[in-house]
Each structure stands twice: as structure tokens, then as C-alpha cells.
Amino acid sequence: LKGPREEIVYVPCIYRNTGRKKPDFLATVDVNPKSPHYCQVIHRLPMPNVGDELHHSGWNACSSCFGDATKKRNRLILPSLISSRIYVVDVGTDLRAPRLFKVVNSEDVFWKCDLGYPHTSHCLGSGEIMISTLGDPAGNGKGGFILLDGETFEIKGNWEKGDKVPPMGYDFWYQPRHNVLISTEWGIPKCLGYGFNPNDLKKGRYGRRLNVWDWTTHTYIQAIDVGEDAAPLEIRFLHNPDAAEGFVGCTISSAIHRFYKTERGDWAAEKVIQVPSKKVEGWLLPEMPGFITDILISLDDRFLYFSNWLHGDVRQYDISDTRRPKLVGQVFVGGSITKGGPVTVCGDEELRSQPDPFVIQGKKVAGGPQMIQLSLDGKRLYVTTSLYSAWDRQFYPSLITDGSVMLQLDVDTERGGLTVNHSFLVDFGKEPDGPCLAHEIRYPGGDCTSDIWV
């Protein structure tokens, strides 16, 4: 919380599905208001291959390695969601100009782990790096984990042990004080890889479980059902390592569930927030869900934030009472229900009228709020607008032609509240190789979505 203000951020930028045969790249963005390069991409590190679909990133070392002076946060781990390659990027030599350090080939992932479609990367207190996956090499659903050596970045094998594995995977968070890891489920890779097909709903092709693992034995011990086609994505424990609870965002059902340890010692979940769907005309379905795609918890465990990618709003909840979150901030920055667009809202439990299109510095923002990252002091919330290239192309075609953006929201940390900082805009539509899709945001010094305290 008392760390220095962020001056640069790292953002994976994607060209897959844009029609531009360019490799994805890691952008370094200047976010220092005193810098002459404020809101500019100051460095680009292209990957050596085309079509990777960079997505999320993680560190070789984080707060779980606290007390080990030999560990340095100097390598950024970049799994590729589609190609299954894993890139290791050196950010220690020059923070402002990262360079490629190592490539873990997809064949190694396939053969050594029988896994594919890697997603979330977390460092472990052991010095190893653990990466969750969505499926097997053929694109069937399979929840598993890849272990990398923290020095050589060679694949050591699978983290999970035993015959039982979940039918799907996605994100995860671990909490050693409670001997637990909990993972989530998005969907079957070969189904969601080409876009969202409503016919896949009700067919078991999207996830519905939180999967509980024994941290010590690495075995799968429990499934918590959060509803058919819920598609639970990002999962966050409270940062307090003693806390036996946290929150998960369910995308298709547009609900936030609180998960917690019961008096019996197992785990359970309860819905604490429901974003109502809107009755619409001119869209894929007669009802449009909010589509919660990213959530985070402030470092002091006081506020929960999440983005509704389709409805277009970012929300802030006071979670002082974790069972009864209280909405204290909300702002619309795009989305599918803005006035003058193809979608007409016929029934809305929350809004009296459709929001105005979001325009900043003369640019009409395409897409909706998606990945979010909070400053260490909790006062600035960064937002990008791309979800996943195949879904971007389907739901927001203008993202492909105009590129995504990065925005910054000012946060009232006293009473709660969100406002757009109109002096901040990073326009990825102006990239030298053409408009691209910017995704997750990382700070060199760590942040509230990558660091786990043990």
C-alpha cells in the first residue's frame, strides 16, 4: 500500500484474429503524469511467432517468496492461450525495455504435461512457477497445472497428482495457511476458441464449478457448483493470508459468489451480487447479461471491483461485510447498450435510459471495460477493453478496426466512487503495425492480482 506510484506498466497486445499477420507483443506504457511520454507506448517486444494470443502474465517471484533475498522479480511469464507456448521475458536488465529470455515450446507442454491452453501464472514460495490450463492438447476440457523451474524455466511436469482432475480449468489462487488451492472453469477450448455460440449453452461446454485442491498433497478434493453455464473466471482470495474467504466472478451468469471455509473444514460458496440481465432487441439473444470478465480486491481488502464487458460499466463495492457487498461506485465506459447503437434496451431493472456512447479525447471507445488493475494505494484503476480476440471480433467488430484502449479511473478511497480521468488515454488503435487488442496490466513492482501473501 505504501509502495511507490506506478510509472510504467506492461500490457500484452494481440494481433490474432485482427487480419494483420503480425506477432503479438508486450507493450511498455508510460503512466507517469510528469513524464513527457505520458500515456505513450515507449517500448514494444514482439514475440517470435504469429497467432499466440498472449493473454495473462505472472512473475517468477512475488510476495510468496518473501524473506528469500536470492529471489528477484525480474522475469515476466507470458503464457500463450492458443499456441500453448510460454514466453519468459527479462524485465530486470532494463525495466523500460524488456527483452525475450526464453521460449518454452508448445510440444514440451503437450508431451511433458498432457496439457494445453495455458492461462494463469503464479509464482510459488518454493521458487517454482505454476501455470493453470484450460484443456488438453486436443482442445478438450481439462483442469491441470504446469510447473516450471524458477531458475531454468524448464518444465518440471504437472503440479496435480492422482487420477481425479476437473473437467475444465482457467484461473486459480492458493492459500497455504488453509492448505487450499481453488481453481475455476471457463469452457472447452475447442468450443470457445472460435467465438461464443449460444447453442453451446445447456450442453455442458461452459464451466459451473469452483474446484478445490489440497495444497499439500496436490490432489483434487471437492467441487463447488455455482450454477449451469456460470463460467466462473477470475478468483481472488482476500489478501490477508489468514482469511479463509474470497470472491469469484461468474461471466455468463453475471454473478459474484463469495467462497469460504465452513466450520466442517470444507469449502462452500454463496451468491452475494447479481447483475440483472437487460431485455434487448437487436442483439444475439433476447436478454443481455452484464458479462463479468475481471474482478479484483484492493490490497487493504476493503473494496471489490469488477467489469461488465457487455453492459459497459465498472463497479466498486465496499466489502467491509463480505457477505453483504455494498455498491459505492459505478461508471460506464463503453459497452453494447449505448444510445444510437444497434441494441435497444426494452427492459432494465437498473437504468432509466441507455448510457451515452463513451468518448474521450475525441475518440469513441469501442468495446467495453474488461481487464482492470488497481494502483497500490488504491486511488487509480486502470482499464483495458479487449477480452479475447475471437470474442472481440464477434461482439465488438469495431475493436478489430479501431483497436482497444487503456483508461484510468480515479477512485474515492474514503467514501467510495469512480470517475473517469479524461486526461488519460492510451490508444492502441494508433500502433505502428495497425490497431491491436490490449489485455492485462502488470506493474514491475507487483500488484494486487499477482501477489499472494503466505
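Points to keep in mind about this one:
- Each Lys or Arg adds one and each Asp or Glu takes one away; over the other residues whose Cβ falls under 14 Å from the Cβ of Asp377, this sums to -2.
- Pairs from the table (Lys112/Lys142; Lys142/Lys190; Lys22/Lys430; Lys363/Lys430; Lys279/Lys326) lying more than 18 angstrom apart at Cα are Lys279/Lys326.
- Accessible area per residue (1.4 Å probe, heavy atoms of protein chains only) ranks Lys430, Lys278 as Lys430, Lys278, with the largest value leading.
- Residue ranges 34-40, 190-196, 372-378 sort as 372-378, 190-196, 34-40 when ordered by packing (mean number of other C-beta atoms within 10 Å per residue, highest first).
- Carbon and sulfur %, accessible surface of the range 92-201 computed with the full protein complex present, 1.4 Å: 48
- Accessible area ranking (1.4 Å probe, heavy atoms, ligands and nucleic acids excluded), largest first, for Trp283, Trp267: Trp283, Trp267.
- The range 248-339 - convex hull of alpha carbons, volume per residue in Å³: 107
- Overall dimensions of the range 238-290 by Cα: Rg and Dmax, Å: 15.5, 49
- Using θ = phi - 60° and Karplus 6.51 cos²θ - 1.76 cosθ + 1.60, couplings along the range 19-28 (whole Hz; Gly, Pro as x): x, 9, 7, 10, x, 4, 9, 9, 8, 9
- Given +1 at the Cβ of Lys and Arg, -1 at the Cβ of Asp and Glu and no other charges, the dipole of the range 8-438 around its Cα centre is 500 debye to the nearest 20.
- Accessible area of the range 261-352 divided out per residue, in Å², using a probe of 1.4 angstrom: 44
- Measuring r between the beta carbons of Lys161 and Asp321 and using R0 = 56 Å, the FRET efficiency lands at 0.90.
- Reported to the nearest whole Å, the Cα centre-to-centre distance from the range 219-279 to the range 69-88 is 27.
- Once the gyration tensor of the Cα atoms in the range 288-363 is diagonalised, the equivalent ellipsoid follows with semi-axes of 26, 15, 10 Å, ordered largest first.
- Built amide H within the under 5 Å cut-off of Ile360, gap 5+: Val365
- Here the peptides 341-351, 417-427 are ranked by packing, the mean other Cβ count within 10 Å, and the order with the highest first is 417-427, 341-351.
- Residue-count net charge about Asn49 - beta-carbon cut-off 12 Å; Lys, Arg +1, Asp, Glu -1: +1
- Gyration tensor (alpha-carbon) shape descriptor, the range 309-454, a/c threshold 1.5: oblate
- Rounded Å value of the spacing that divides the Cα centres of the range 114-183 and the range 397-442: 30
- Prolate/oblate/rounded label for the range 1-151 (Cα gyration tensor, a/c 1.5): oblate
- In the range 8-438, taking the dipole from charged Cβ atoms about the Cα centre, the farthest positive-side position among Thr419, Asn179, His43 is held by His43.
- Anchor Lys278: aspartates and glutamates whose Cα lies under 13 Å away (excluding residues fewer than 8 positions away in-chain): Glu287, Asp348, Glu349, Glu350
The values are calculated or read from the model by the stated rules, or taken from the named source; none is laboratory data. As the structure is a computational prediction, the values presented were derived from the model and not from experiment. Cβ sites come from the backbone with ideal geometry, for glycine too, and all protein chains shown count toward neighbours. Accessible surface is based on the protein model in full, side chains and every heavy atom, while ligands, DNA and RNA are left aside. Shrake-Rupley method; radii C 1.70, N 1.55, O 1.52, S 1.80 Å.
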